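As structure tokens, the structure follows; a few thoughts come after it.
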Amino acid sequence: MVFRLFVEVGGVAYVSFGPHAGKLVAIVDVIDQNSALVDGPCTQVVPFKCMWLTDFILKCPHGACQKDIRQAWQKADINTRRAATRWAKKIEARERKAKMTDFDHFKIMKAKKMSNRIIKNEKMKFKQYH
């Protein structure tokens, strides 16, 4: 298997767990094989096990300050580009489903039943005439 995504300075990553889970961060510096200095909600060291790399790359120098990272972030329009990806939509749908109440699940079940009933009736009509 060929690797597509590489850890590099300016790379944008998604924090999967920890105190900043669900946030996007930019890699400012690679410390060692296990962790990197990132800038996002705050500048801190984050292990690679907590990050999922994305396809987005910022044009910023090695060890850039927070101001430079923010300017590159705005220029590259990372937030809107990420919101348009299937990955972001899938994560948002998962979060929305986790927040659903029992009544919401009930409403969805009733809607699916109604939809399936309509489809079944149309199939039966089609079979009768053909």
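Nothing in this text is a laboratory measurement; each read-out follows from the coordinates by a stated rule. These figures come from a predicted structure and were not determined experimentally. With ideal geometry, Cβ positions are generated from the backbone for all residues, glycine too; neighbour counts draw on all protein chains shown.
Considering only Cα atoms, the convex hull volume of segment 56-103 works out to 105 Å³ per residue. List the aspartates and glutamates whose Cα sits under 20 Å from the Cα of Lys110, skipping any in the same chain fewer than 8 residues away. Cross-link targets: Asp102, Glu122. Amide H contacts of Ser35: Phe48, each under 5 Å away and 5 or more positions distant or on a separate chain (H built 1.01 Å from N in the peptide plane; Pro and chain starts excluded).
Under the membrane-span-like helix rule (DSSP H runs whose alpha carbons stretch at least 30 Å along the helix axis, mean Kyte-Doolittle hydropathy 1.6 or higher), the chain yields none. Projected label points at Met109 and Lys59, each 7 Å from Cα along the beta carbon direction, are separated by 5.5 nanometres. Take each peptide in 51-59, 74-82, 101-109, count the other Cβ atoms within 10 Å of every residue, and average; sorted highest first, the result is 51-59, 74-82, 101-109.
For Lys23, the amide hydrogen comes within under 5 Å of the amide hydrogens of Val15, counting only partners 5 or more places away or on other chains and with H modelled in the peptide plane. Label-to-label distance, Phe126 versus Lys97, with points set 7 angstrom from Cα along the beta-carbon direction: 2.7 nm.
Based on the convex hull around the alpha carbon atoms, the chain presents an average projected area of 13.3 nm².
Normalised by the number of residues in segment 1-99, the average gap of Cα pairs under 8 Å and 6 or more apart makes the relative contact order 23 percent. Straight-line reach from Lys99: which lysines have a Cα under 17 Å away, not including same-chain ones fewer than 8 places off? Filter leaves Lys89, Lys90, Lys107.
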